[in-house]
1. In region A:117-164, what count of residues is obtained for those that are more than 8 Å from chain B (Cβ to nearest Cβ), assigned to a loop (DSSP other than H, G, I, E, B), under 23 Å from A:I84 (Cα atoms) and not charged (D, E, K, R)?
2. Would you please name the residue that is nearest to the other protein chains (Cβ to nearest Cβ), looking only at residues in region A:11-47 that are assigned to a helix (DSSP H, G or I) and farther than 20 Å from A:A94 by Cβ?
3. Report, by residue number, each residue of region B:214-267 that is within 14 Å of chain A (Cβ to nearest Cβ) and among the polar types (S, T, N, Q).
4. Of the conditions (1) of a type outside the set (V, I, T); (2) touching a residue at least 40 places away in the same chain (Cβ under 8 Å); (3) within 21 Å of C:I126 (Cα to Cα), A:L192 fails just one. Which one is it?
5. Considering only residues of region B:101-125 that are more than 13 Å from chain A (Cβ to nearest Cβ) and in a loop (DSSP other than H, G, I, E, B), which is nearest to A:R178 (Cα to Cα)?
6. Filter region B:151-200 down to the residues that are crowded, with 21+ Cβ neighbours inside 10 Å, touching a Leu at 6+ places or on another chain (Cβ under 8 Å) and of a type in the set (D, E, K, R) and list them by number.
7. Considering each of B:D53, B:D58 in turn, give the residue that is touching a residue at least 24 places away in the same chain (Cβ under 8 Å) and in a helix (DSSP H, G or I).
8. Taking only region B:14-47 into account, find how many residues are small (G, A, S) and within 24 Å of B:G175 (Cα to Cα).
Amino acid sequence: MGSIELVCPAGSPAMLRAAVEAGADSVYCGLRDDTNARNFPGLNFSPAELSDSVKWAHDRGAKVLLAVNTFARAGASDRWRASIDAAAGTGADAVIVADLGVLAHARDAWPDLRLHLSVQAAAGSPEAIAFYARAYGVRRVVLPRVLSVEEIAALMREIEVETEAFVYGGLCVMAEGRCALSSYATGRSPNLDGVCSPPEAVTYTEEEGGMVSRLGGLALDRYASGEPAGYPTLCKGRFAVDGALSYLFEDPVSLNAMSVLAALRRAGVTAVKVEGRQRGKAYVARVAAAFRAAIDALDAGEDIARFEPLLADLAEGGRQTSGAYRKTWR
Amino acid sequence: MTEISLQLTVGPLLFNWAPERIRDFYGRIADQAPVDRVYIGEVVCGKRAPLLDHAFSDAAERLEAAGKQVVWSGLGLPALRRDRKAIAALSADQESLIEINDVSALLERSGPFVAGPLLNVYNEAAARELMSRGCVRLCANVELSLAAVSAIAAGCPGLEIELFAFGRLPLALSGRCYHARHHGLHKDNCQFVCDRDLDGLDIRTLDGRDFLAVNGVQTLSHGVQLADIPPSELLRAGVTALRLSPHTADMVAVARGFRAFADGRIDAVELAAQARAAGPPGPFVGGYLRGVAGLQPAGAQ
Amino acid sequence: MHRDGWRGRDGSRHVGRDMAAGALMLMRHPVEFLLSRALHRIAVRRPDVFERLGPWREAAIVVAPSDFPVCFRLRPDGVHGTVRVIRHDDPTPSAARVTGALATLLALFDGDGDADAAFFSRRVRIAGDTAAVVAMHNTLEAADLSLADILGVGFRLRGPVNRGLGRLRRRMARS
């Protein structure tokens, strides 16, 4: 492992292997239910697959983190506790958690199990992070995607836990774990169901002005013939305010923070995280290899500008941004 | 016939209203609204606080003089250093009951508090964690169905539970200001343009359907929640109070309507009629409480 | 109800279209038998694939190649699964219908392809239950399987699959 830990997504055992073989130091995954925030049909791990994958990864010196990062349902907390127990039982290196009750269970039942705080806990201030560290023994926090590099550096001067920052993949513009846009339109949310803008609510219809993408029957975007179509994630839609149509919340771009990787490393960030458990083996192999090479190059004292264009074609809708890391985003 | 009846509360003002409007509004609430408790304070954007603090303090005095309980509410998403200081200052007053809307306030809190609807508390285990730290009341997150609220109440004996019963639903908070973005500005030089939209700025889909509303860094529903569920059912589910979120609508009329509804003097249809006559900024929705998409219409229109 | 039709190789509809479809429909039974048997073989060798599909193993998906005279209706229910050859305008209800050029559809359901890219460029259209298609794609992705495997072409031959399918297509068109 280099100066920064490379954490990559695994939506399946095959994808986990691809990530590790491409140079990931750690991989994160979820069980096949709503206890994790990528609860897509056909995705994720059975407990047996998790167990096998942990052994496989450990044999190659890589770590496995289990995401149990949705919020437990009222009256059904046992499912989330079972996921935590499964992580402990299979020897996973850490669990990634957001819910207070699930954190408490992990702390009390498995005191030696490493606790990472999910981005869904929306802990963006030193006080919030310190609260989780003190109350639950959280060892690492995944930072909200809305902080600039300067803010991250300032934050790190005031906290004692490790930090993990997203550097590639889908971009969430609202405070995570607290966004109800998806459930307002479709009844399902990343908080409770582990999905945002779920596929069963998506339709594409050919209309006079072009193809219209809809979520829960609400038109989110329109594409002229030949124009690449995007998935109708709610906050990436085009909306009319005062008659003016625009990508009000965020352009349908995805995150590529390769250009600020050196700055994140200087700020002392422990780990960088790639989003995209639903993107497949080919995706993770390419992204992991690019960031592996970039981190190794940084550690060798080289410039990494040559890595910036490497991943441009994988971006959603073909466009990317360095997100909030540069303060102009606000 | 049940002896206990639902309390009514006024939630914190979400919008950037002028100080005079704020004073007038709370003056009317103090003198005329049949409500038990009023939440006061800036929860959306720390930049507004210096403009509005005096008006809020004056309002608090007026309300207390009229016999209403006043609870100060904290910011939902601290962004600047001074936001964190404001939250810490609120938290430090351990004697008074406060409303917490962000986890950062929990660090130094030992006194009693209300868990606000902007916290991500979705189940009884999480609520119990907060109770062990002094939480005495929970205003349920708007995503929760009545069934979920009921499960939380069952798992948390003694916890008072408020329900967001009227107003545009708070759906999301961001580090980015969408009012500024719409006006081609930046959060740092926003010119406080959010003060132009007293109930939020309407957002439509590209085929013209009303959908959401912008309020600075906050995104609200366009539809107005109306919890027109029979009071007996609410009480059985463990709800102890109904929260009315302030809008430019006649909130005294809304409060009177809900008081009559909670007391069993009018039914859901009449409640909707009176609330509609008060001038809400959108159609009534009620999906969340029924466990479906939030924008589904309320029962009786 | 989709009426995508099948366009001849020169891009225009012609009288021969219905005749070609008719001819292939007459021949469909041996093809269905072979394809269904390949599916069953996978079910026996790789039960994890069908466990991963969960409730969507009973969902029928119509694969509708825009450059082929007939469609395939796949119901991946393990050893009880079926593959049927159907006409483009077959009214039998299905959970979802995926339309696009044959090669693009193979890429969508290929463990090596990036489904997002195929879909975002609008070369593929999905109608009906998107979740069923997502389940199928994620399952094939995770299983290191492709539609070529389901067609009975082994792993070693995945490279020449397109050539093989092209030959099959030409042979069927000539019959």
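1. 5
2. Keep residues of region A:11-47 that are assigned to a helix (DSSP H, G or I), which gives A:13-21, A:47.
With farther than 20 Å from A:A94 by Cβ added as a condition, the list becomes A:14, A:18, A:21.
Details: A:A14: 5, A:A18: 10, A:E21: 13 Å.
Checking each candidate, the answer is A:A14.
3. Matches in region B:214-267: B:N215, B:Q218, B:T219, B:S221, B:Q225.
4. (3)
5. Among those residues, the one meeting the criterion is B:P112.
6. B:E162, B:R168, B:R181
7. Numbers: B:D53 fails: touching a residue at least 24 places away in the same chain (Cβ under 8 Å).
The conditions single out B:D58.
8. Here is the first cut: in region B:14-47, the residues small (G, A, S) are B:18, B:27, B:30, B:33, B:41, B:46.
Still in the running and within 24 Å of B:G175 (Cα to Cα): B:18, B:41, B:46.
Within region B:14-47, residues that are small (G, A, S) and within 24 Å of B:G175 (Cα to Cα) number 3.
The values are calculated or read from the model by the stated rules, or taken from the named source; none is laboratory data. Computed from a predicted structure; not experimentally measured. Ideal geometry is used to build each Cβ from the backbone, glycine not excepted, and the neighbour counts take in all protein chains shown.
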